[in-house]
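The values are calculated or read from the model by the stated rules, or taken from the named source; none is laboratory data. The structure presented is a predicted model; accordingly, all values stated were derived computationally and were not measured. Here Cβ is always computed from backbone atoms with ideal geometry, including for glycine, and neighbour counts include all displayed protein chains. For the accessible areas, the whole protein counts, side chains as well, though only heavy atoms, and no ligand, DNA or RNA atoms are used. Shrake-Rupley method; radii C 1.70, N 1.55, O 1.52, S 1.80 Å.
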Amino acid sequence: MFSLKPPRPTFRSYLLPPPQTDDKINSEPKIKKLEPVLLPGEIVVNEVNFVRKCIATDTSQYDLWGKLICSNFKISFITDDPMPLQKFHYRNLLLGEHDVPLTCIEQIVTVNDHKRKQKVLGPNQKLKFNPTELIIYCKDFRIVRFRFDESGPESAKKVCLAIAHYSQPTDLQLLFAFEYVGKKYHNSANKINGIPSGDGGGGGGNGAGGGSSQKTPLFETYSDWDREIKRTGASGWRVCSINEGYMISTCLPEYFVVPSSLADQDLKIFSHSFVGRRMPLWCWSHSNGSALVRMALIKDALQQRKIDQRICNAITKSHPQRSDVYKSDLDKTLPNIQEVQAAFVKLKQLCVNEPFEETEEKWLSSLENTRWLEYIRAFLKHSAELVYMLESKHLSVVLQEEEGRDLSCCVASLVQVMLDPYFRTIIGFQSLIQKEWVMAGYQFLDRCNHLKRSEKESPLFLLFLDATWQLLEQHPAAFEFSETYLAVLYDSTRISLFGTFLFNSPHQRVKQSTEFAISKNIQLGDEKGLKFPSVWDWSLQFTAKDRTLFHNPFYIGKSTPCVHNGSMKSFKRTKKNYSSTLRGMPSALKNGIISDQELLPRRNSLILKPKPDPPQQTNSQNSDMEQYFREWFSKPVNLHGVILPRVSGTHIKLWKLCYFRWVPEAQISLGGSITAFHKLSLLADEVDVLSRVLRQQRSGPLEACYGELGQSRMYFRASGPHDTDTSGTPEFLSSSFPFSPVGNLCRRSILGTPLSKFLSGAKIWLSTETLANED
Amino acid sequence: MEHIRTPKVENVRLVDRVSPKKAALGTLYLTATHVIFVENSPDTRKETWILHSQISTIEKQATTATGCPLLIRCKNFQIIQLIIPQERDCHDVYISLIRLARPVKYEELYCFSFNPMLDKEEREQGWVLIDLSEEYKRMGLPNHYWQLSDVNRDYRVCDSYPTELYVPRSATAHIIVGSSKFRSRRRFPVLSYYYKDNHASICRSSQPLSGFSARCLEDEQMLQAIRKANPGSDFVYVVDTRPKLNAMANRAAGKGYENEDNYSNIKFQFIGIENIHVMRNSLQKMLEVCELKSPSMSDFLWGLENSGWLRHIKAIMDAGIFIAKAVSEEGVSVLVHCSDGWDRTAQVCSVASLLLDPHYRTLKGFMVLIEKDWISFGHKFNHRYGNLDGDPKEISPVIDQFIECVWQLMEQFPCAFEFNERFLIHIQHHIYSCQFGNFLCNSQKERRELKIQERTYSLWAHLWKNRADYLNPLFRADHSQTQGTLHLPTAPCNFMYKFWSGMYNRFEKGMQPRQSVTDYLMAVKEETQQLEEELEALEERLEKIQKVQLNCTKVKSKQSEPSKHSGFSTSDNSIANTPQDYSGNMKSFPSRSPSQGDEDSALILTQDNLKSSDPDLSANSDQESGVEDLSCRSPSGGEHAPSEDSGKDRDSDEAVFLTA
C-alpha cells in the first residue's frame, strides 16, 4: 500500500520501522509538530499515528499522512502534508482543516478489508476486528475516510471506539460546551461574575461586519422585548414577567409579550389549559397594528371555547382597528416534523450518497421524490398567505400548533422575514432566530440530535434557512447577508461549543448549567446559569476578513433614501430621457414582439410602471388573495417593504451551495454564481470607497482612503485607485466557494457498493478499489 | 389582404392567463402582418401585437355563453386567449389567421414589407456587418494547411453549402467531388472551426453512403487530408451525433457511418442526440408543463423530467464538450456529422466553438457563429421554423436548443459572456418573426436567388445598433475568465441544467424576477456613464468660463480676500470638490491638476455649478451607502437631459402599421 504513494522523504524515515517506537519519533523533528490545537477544556482522549486520510475516491495518490486524534470536542487529523488540489480554504478558527466536531458526526463505520467486515459503531460497543478503515458520515453531508494500513491496529481500534463513545454522549452535560465554559469560569474565577466581559460569554457578540458594534438582542431580558415592542410600534401589547424563574412553564422564555388587556392573574389561570403551559406569545406587529401571535393548543376541552374566546378578544382589543383574528392551524396545513425529517434523509441520500450515474437520468424525479422542495414550497406558500392576512386584510394572525414550538418557529420567522426588512439584516436575522427559535423553545437538542439517541430529530431549522435562501435567491438585493452566511450558520448548529443551538429551551440551559456549575464548584453569583459562547459572536469562528463573506454585495442599505411611492427614489429620474434606456423597446421590436413592455421586463428599475390593475370586486377570499399577490408582483419591489416569494414549482430551487458543496461532480471551476458575486463585490467596494472619499474632508490624500481597506464590508475588494482593471477572477473561485469538495466527500468507492445499500445492512461488502491497490 | 375576412372585431375579450376570470375588453384588428388587440380601457389603451409568423397554432374552442374562445399559441411561447362575442366573427378570424399564419410565398413574409426607415446604404452596411471571410481570417486562415476552395462555385457540388469553403490543402478538387458523391446530399467534409493554438480543427459533413459495405477512396482520402492538416496528431475523431441505433438503421437505406477499418487513423464515436421528431415532441411536452398555472413541485419536476428536454440539452452539451476537449486538450481534429449534417451537426459544432473560443462569447462573435454554423452551412430555417406553409414534421426546435445551451453556459459562467439573456431571447424571437431576412430560406443559394440582401434588412445590424440593451454588465473582456476555453467537467451531471423560465415562461406575468440583477447593474452602469459624460461637459464649460473670467477674477480675488476664504471653507464640508476626487479615482474622468489655472476661483465656480444642477446632492450623499450611491449621486435636474430622444423611432413603427 505504502509503495503506491509517491516518495515522501520526511515520512519514510519513521514509517518504515514499526510505528510505536518513541525514539524514532524523537529523531524526527517534524513529528513534534503533529500536536493538536486544543481549546480550553478540550482534552485528547485517544490518538493514533500513521493514519492516511483519503482525499479522492478513485485514487490514493493524494492521500495525506498524519495523526488522528479524538478529543472531547472533535476528531482532528493532524498532518504536515499540504492539502492537494485545493486552492482555497475557508478557515474556521475553532477547527482545523481536517477536523470534524463530534456533534457533526452522523455515523461511524469501521471496516476491515482483509476480513471483509464492516460495522456501524454505536456507543459502548465492542469491535471484534481491527479496523483498516474508518468512515465518518457527517451531518453536514461530508464523508471523511481514514485508513489505518500503517498504524498500530490496537490504537486504531481504540480511536475508533473513542470516537464512537464521545460522539454519542449519554448526557447533555457531556457536550463540550460545558467543559469549555467551565474552564473559562475557572480561569477567570477572580473576575466579577465569573467571566470576563466581551469574551464569548457575553453572547451578543459583534455583528459579522468589521466595524459594526451592534449586538444581537438575545431576548433573555425584559428590555429586549420592550425594545422590540417599541421597534415595531406595537400598541396594546406588554412584556409579561410571570414566568420569571420559569415558574409557569419550563419551555417558555422568562419574558414574553402578551395582550395588555390580559392580566397576569388571568394568564396564570389560562396557562394550565395550554399544552406545555404555552400561552399565546406575541411575535411581531405590523405597522397597521395587526399582530402575529403563536400559541399551543388548548388541551382542556371544557375550557377550550371559553379560553379561546378570551384570548381572541384580547388580541382583537390590542388591534388599533379592533380587527378580527385569523387562526392558522399549522398541524393541519403543513408537513409534520417526521415528514420533514424523512424528506431530508432522502435529500441527503440523493445529494451525497448515491453515485450520480445511478440518478443521472432520473435526477428531477428523484429530487421530487424526496419531497424536500415541496415542503419548502408549502412553508413559503403558507407564510405568504399569512403575510396577506396581516398586511392586506389587517387581521392579527394566531399560529396554532400542538406544542407551538416547531412549525410555528419556522412560519413565524418566515412571515417576519417577508414583512420586516429589519429581519433581512444580519443583526435582525439573528435576533429573529433568538426570538422565534432559541427563546421560543425550539428543541435544538432533540431536533439536531446532539445526543444521537433521539427519535425526535428533524431539520426544521435547516428548512427555515433553506426557505430564507429561496427568498434571497428571488430578491437578492433585499438581504444584507449572503448565502455563505446561511450555510455557515447551518454549520454552526453542529458545533457543540456554542450554547445557542444546544438546548431544548432557555430553562434547560439554566437548569443544566446550574447543576454543572454546582458539581464543578463554579460560583455563579447573580447569573442564571452559565453563559455559553454565542454563535452570534462570529469572531470566535472567523477572522474579520472572512466574516466579510457574509455580506451580500447586492444589498442596498436601509439608509439609502429609496422608498418613495413604491418605487426607488434613485430611479425616479424617469423624466430625464436617456438615449437608450427610456426609449422602451427598440423601435423594430416594439412592432409586434413586445407590445407590452411589461411582458419582457427590462431595466424595470428605470421604466415607468403601468398602474396596477384596479382592484376587482370578488367574493371569495382566495381570489382576493390571488389579487393581492398579483398586484404585488406587478409592482416594482420595494426592497425595504414586504417581499413575497414566487411559489410555483418553477421557482423553488435546490440550494446547491449547501447541499452540493462537497460534491466534486457539481463543482464548476471558475464558474457559478460566485463569479458574479465576486464582480459585484468589487463594484460595491468601489462604490464604498468612493463614498468614503466623498465624505472625507479635503485634508487627507486619496491614498489614505484606500489605506482604510480594513473597513471594507466586501470580501473581494476593488484594488487601488490606479489599477481598477487588474482584478481578474481569482483562480480559487468555484461554484462551491468558499467550501471545497477536496477530501470531504470520499464516497467509499465508485466500484464499491452504493451507500444506500450499505446503510440498509448489506453484508457482503468489499471495495475492489482498495483491494486492487493492495498488492 | 385578400385573406383577411374581417379586419376588425369589437367587444373582444383578452383573457388573463393567470386569473381567467379577468379579461380585458377591446377591439381586435387583423392586418397583413399582425393581429392587434387594443384594450378599450381609456387610460391604458394597451396594445397587444402578434406577428402572423409567430403564430404556431390556432384553436377554436367550444362556444360558451360569453362568446367563442380562440386560443393562439405562438412560437415565442406566448399564449393568447380571445373571446369573440359572435361565432361568425370568430370563425372569420380563425379562417383568416389560419391562412395568414401559413404564407405560401416568401414574398408574403413580414421582412418584405418591414421598413425600419433606413436608406439603401445603411441597409447594405447592415448586411456586411457580419463577414464570414473576416471570420476565417480571424481564425488564421488560409494557412499552410487550409485553403479556400472554389469547388462549390455556383453551388455546383452541393447546393445546401455556401460557395466559400475551407478544405485541407491536400484535398484536391477530385477528392472533394469524389467524397461529396459518397455523402448524403453531397455535404462533404469541410472546415467549421480552426483552433489556431494547436492546428486542430472541427470539420463537418453529412453521413457517408456506406450502407453495409460500400467504400469510397476519395472520402477516405478526404479524412486523411483532414488528419494531415493537423500535424500534431496521428488520428481524427469522427463523431456521429446520432444514437447508434438510428445510424445503424440508416445503413439499410444505403447510408450509415464510417467503418473504422476502412478509414486509416480514425477513432469513431457515437454521441446519441435524438432526431428532430423526438425533440419536437419533447418541447411540446415541456410547454405543457409551462402552461400549468401554478404547478406544484411534483407537477413541475415530473413534467420536466418526462419531457426529456433537459436530457436532450445535456446530450448536445456533452457532444460539444467532448469535441472541445478533443480539440483543445488532445489536439485532435474532429469530423462531426449526423444524418444530413445540418441539425445536430450545427448544434454540436457551434457549442464546441463557443466553448473553445472566447470570441464567440462576445456579441459580435455570437452573430458570426450563427452566421457560420447555421446560416451559411444550410440549416433549413424555413423548414424547421415553419416560415412558409410546409410539412409539419419538418418543424423542430433545433436552434432553440442551441440557444438554450448557450443560456445554460451563461448560468454556469455568469461573467464569461459579453451578451445577456435578452440577446438570446431576441434572436430566438426573430428566427421565427421573419422580420429580418437573415433566417429566410433553407440555404445560401435560395437566399441569393431571392435577393434577400437587396430586399430585406439584417437582424445583426439591428441588434448591433441596440447593443447597449444586450450587454452583460458582469463581462470584462480583459478578465482571465473571459479568455480561453471554458472549463467544464467532462460530462456535467443532469443537475447542472436548469429550466429556462426566462425563455419558456417569458410571457407569464409575475413569473419573472421583477428586479433582475442584471438590469439593475446595467442601469447603474449606464447612469455612471451618463454622469461621466455630463461631468466632462461641465468641465469643458468650466474651462471656457475660466478662460473668460480668468483675468477679471485675478484682479478681484486680490480685493476680496475674506470672502474667498469663506467660500473655501464651505467647500470643505460640502462635496463641492467631488469632481476633483473623482478624477483621482476613475481613470475615465478628465483629470484636473490642482495647479491648473487659478485654483481658488476654479473651486468656487465648481461649487456653484454643482449646486445649481443638483440641490439634493450634498444632503443625500452622507447617509448613503451601497450600490445605489452611484445613481443617487447624480444630478436630477432636467436641464441636462439629452434632447436627442425624439419620437423618431415610434414614427417608423407607425409607418409600418399604416402600410400594413
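Within the stretch B:255-264, can one find any residue that is at positive phi and either among the hydrophobic types (A, V, I, L, M, F, W, C) or surrounded by 14 or more Cβ atoms within 10 Å (Cβ to Cβ) (or both)?
Of the stretch B:255-264, the ones at positive phi are B:256.
Those still in the list that are either among the hydrophobic types (A, V, I, L, M, F, W, C) or surrounded by 14 or more Cβ atoms within 10 Å (Cβ to Cβ) (or both) too: B:256.
Among the residues of the stretch B:255-264, at least one is at positive phi and either among the hydrophobic types (A, V, I, L, M, F, W, C) or surrounded by 14 or more Cβ atoms within 10 Å (Cβ to Cβ) (or both), which makes the answer yes.
Whether any residue in the stretch B:408-423 is away from chain A (no Cβ under 14 Å), open to solvent by 10 Å² or more (accessible area, probe 1.4 Å) and touching a residue at least 40 places away in the same chain (Cβ under 8 Å) is what I want to check. Walk me through it before giving the result.
Taking the stretch B:408-423 as the starting set, the residues that turn out to be away from chain A (no Cβ under 14 Å) are none.
No, there is no match, as no residue in the stretch B:408-423 is away from chain A (no Cβ under 14 Å), open to solvent by 10 Å² or more (accessible area, probe 1.4 Å) and touching a residue at least 40 places away in the same chain (Cβ under 8 Å).
For the stretch B:145-154, give me each residue that is open to solvent by 80 Å² or more (accessible area, probe 1.4 Å), in a loop (DSSP other than H, G, I, E, B) and at pLDDT 95 or above.
So in the stretch B:145-154, the residues open to solvent by 80 Å² or more (accessible area, probe 1.4 Å) come out as B:148, B:150, B:153-154.
Narrowing the set further to residues that are in a loop (DSSP other than H, G, I, E, B) leaves B:150.
None; the set is empty.
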Exercise for review: Could you figure out which of (1) modelled with pLDDT of 85 or more; (2) out of contact with any helix residue (DSSP H, G or I) (no Cβ under 9 Å at 6 or more places or on another chain); (3) within 30 Å of residue B:296 (Cα to Cα) isn't true of residue A:678?
Suggested key: (3)
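Here is a yes/no grid of residues against (1) open to solvent by 10 Å² or more (accessible area, probe 1.4 Å); (2) in the same structural domain as residue A:139 (by the TED database); (3) under 15 Å from the mean Cα position of the chain (by Cα):
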{"residue": "A:454", "(1), (2), (3)": "yes, no, no"}
{"residue": "A:457", "(1), (2), (3)": "yes, no, no"}
{"residue": "A:464", "(1), (2), (3)": "no, no, yes"}
{"residue": "A:470", "(1), (2), (3)": "no, no, yes"}
{"residue": "A:473", "(1), (2), (3)": "yes, no, no"}
{"residue": "A:497", "(1), (2), (3)": "no, no, no"}
{"residue": "A:500", "(1), (2), (3)": "yes, no, yes"}
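Do we find that residue A:532 is open to solvent by 10 Å² or more (accessible area, probe 1.4 Å), assigned to a loop (DSSP other than H, G, I, E, B) and within 14 Å of chain B (Cβ to nearest Cβ) in this structure?
On the way: open to solvent by 10 Å² or more (accessible area, probe 1.4 Å): yes; assigned to a loop (DSSP other than H, G, I, E, B): yes; within 14 Å of chain B (Cβ to nearest Cβ): no.
No.
Look at the stretch A:646-666 and say how many of its residues are in contact (Cβ under 8 Å) with a residue 60 or more places away in the chain and assigned to a loop (DSSP other than H, G, I, E, B).
If we filter the stretch A:646-666 for residues that are in contact (Cβ under 8 Å) with a residue 60 or more places away in the chain, which is where we start, we get A:646-647, A:649, A:651-666.
With assigned to a loop (DSSP other than H, G, I, E, B) added as a condition, the list becomes A:646-647, A:649, A:651-655, A:661-663.
Looking only at that region, the number is 11.
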Check your understanding: Do the conditions hold for residue A:637, that is, is it buried (at least 22 other Cβ atoms within 10 Å of the Cβ), more than 21 Å from the chain's Cα centre (by Cα) and at pLDDT 90 or above?
Key -> no
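Please find, within the stretch B:488-507, the residue that is nearest to the chain's Cα centre (by Cα) out of those that are more than 7 Å from chain A (Cβ to nearest Cβ) and at pLDDT 75 or above. It would help to see each step written out before you state the result.
Quick first cut of the stretch B:488-507, residues more than 7 Å from chain A (Cβ to nearest Cβ) only: B:488, B:490-492, B:496-498, B:500, B:502-504.
Now restrict to residues that are at pLDDT 75 or above: B:496-498, B:500, B:502-504.
On the way: B:496: 22, B:497: 19, B:498: 19, B:500: 15, B:502: 14, B:503: 12, B:504: 15 Å.
Per the stated criteria, the residue is B:503.
One line per residue, one yes/no per condition, for (1) in contact with a helix residue (DSSP H, G or I) (Cβ under 8 Å, 6 or more places away or on another chain); (2) at pLDDT below 95; (3) part of a helix (DSSP H, G or I); (4) among the hydroxyl-bearing types (Ser, Thr, Tyr):
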site: B:283; (1), (2), (3), (4): yes, no, yes, no
site: B:290; (1), (2), (3), (4): yes, yes, yes, no
site: B:293; (1), (2), (3), (4): no, yes, no, no
site: B:298; (1), (2), (3), (4): yes, yes, yes, yes
site: B:305; (1), (2), (3), (4): yes, yes, yes, no
site: B:311; (1), (2), (3), (4): yes, yes, yes, no
Point to revise | Residues of the stretch B:43-76 satisfying the condition of being away from every other protein chain (no Cβ under 11 Å), closer than 25 Å to residue B:113 by Cα and assigned to a loop (DSSP other than H, G, I, E, B) | key: B:75
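Suppose the filter is open to solvent by 50 Å² or more (accessible area, probe 1.4 Å), part of a loop (DSSP other than H, G, I, E, B), in contact with a Pro (Cβ under 8 Å, 6 or more places away or on another chain) and not assigned by the TED database to the domain that holds residue A:546; does residue A:124 pass it? Can you show your working first?
On the way: open to solvent by 50 Å² or more (accessible area, probe 1.4 Å): yes; part of a loop (DSSP other than H, G, I, E, B): yes; in contact with a Pro (Cβ under 8 Å, 6 or more places away or on another chain): no; not assigned by the TED database to the domain that holds residue A:546: yes.
It is false that residue A:124 is open to solvent by 50 Å² or more (accessible area, probe 1.4 Å), part of a loop (DSSP other than H, G, I, E, B), in contact with a Pro (Cβ under 8 Å, 6 or more places away or on another chain) and not assigned by the TED database to the domain that holds residue A:546.
Take the conditions open to solvent by 20 Å² or more (accessible area, probe 1.4 Å), touching a helix residue (DSSP H, G or I) at 6+ places or on another chain (Cβ under 8 Å), at pLDDT 90 or above and hydrophobic (A, V, I, L, M, F, W, C) and apply them to residue B:114. Does it pass?
Details: open to solvent by 20 Å² or more (accessible area, probe 1.4 Å): no; touching a helix residue (DSSP H, G or I) at 6+ places or on another chain (Cβ under 8 Å): yes; at pLDDT 90 or above: yes; hydrophobic (A, V, I, L, M, F, W, C): yes.
In short, no.
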Review point. So which residues in the stretch B:524-544 are open to solvent by 80 Å² or more (accessible area, probe 1.4 Å) and modelled with pLDDT under 80, if there are any at all?
Key: B:525, B:529, B:533
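The rows are residues; the columns are (1) part of a loop (DSSP other than H, G, I, E, B); (2) open to solvent by less than 10 Å² (accessible area, probe 1.4 Å); (3) within 14 Å of another protein chain (Cβ to nearest Cβ).
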residue	(1), (2), (3)
B:250	no, no, no
B:272	yes, no, yes
B:280	no, no, no
B:318	no, no, yes
B:323	no, yes, no
B:335	no, yes, no
**Study point:** Count of the stretch A:651-665 residues which are open to solvent by less than 20 Å² (accessible area, probe 1.4 Å) and facing another protein chain (nearest Cβ under 7 Å)
**Key:** 1
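When you check residue B:99 against the structure, is it surrounded by 14 or more Cβ atoms within 10 Å (Cβ to Cβ) and under 28 Å from residue B:369 (Cα atoms), yes or no? Explain how you work it out, then say what you get.
Values: surrounded by 14 or more Cβ atoms within 10 Å (Cβ to Cβ): yes; under 28 Å from residue B:369 (Cα atoms): no.
No.
Every residue, every condition in (1) among the charged types (D, E, K, R); (2) touching a Leu at 6+ places or on another chain (Cβ under 7 Å); (3) at pLDDT 85 or above; (4) assigned by the TED database to the domain that holds residue A:267, yes or no:
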residue: A:151; (1), (2), (3), (4): no, no, yes, no
residue: A:161; (1), (2), (3), (4): no, yes, yes, no
residue: A:179; (1), (2), (3), (4): yes, no, yes, no
residue: A:183; (1), (2), (3), (4): yes, no, yes, no
residue: A:208; (1), (2), (3), (4): no, no, no, no
residue: A:231; (1), (2), (3), (4): yes, no, yes, yes
residue: A:236; (1), (2), (3), (4): no, no, yes, yes
residue: A:240; (1), (2), (3), (4): no, yes, yes, yes
Review point. Could you say whether any residue in the stretch B:34-42 is open to solvent by 40 Å² or more (accessible area, probe 1.4 Å), acidic (Asp, Glu) and either away from chain A (no Cβ under 14 Å) or free of Cβ contacts under 8 Å to residues at least 40 places away in the same chain (or both)?
Key: no
Exercise for review: Consider only pairs whose beta carbons are under 7 Å apart and that are at least six residues apart or on different chains; among these, list those whose first residue lies in the stretch B:349-375 and is within 17 Å of residue B:194 (Cβ to Cβ) and of a type in the set (Phe, Trp, Tyr) and whose second residue is in a helix (DSSP H, G or I) and open to solvent by less than 10 Å² (accessible area, probe 1.4 Å).
Suggested key: B:360/B:353; B:360/B:354; B:360/B:366; B:360/B:369
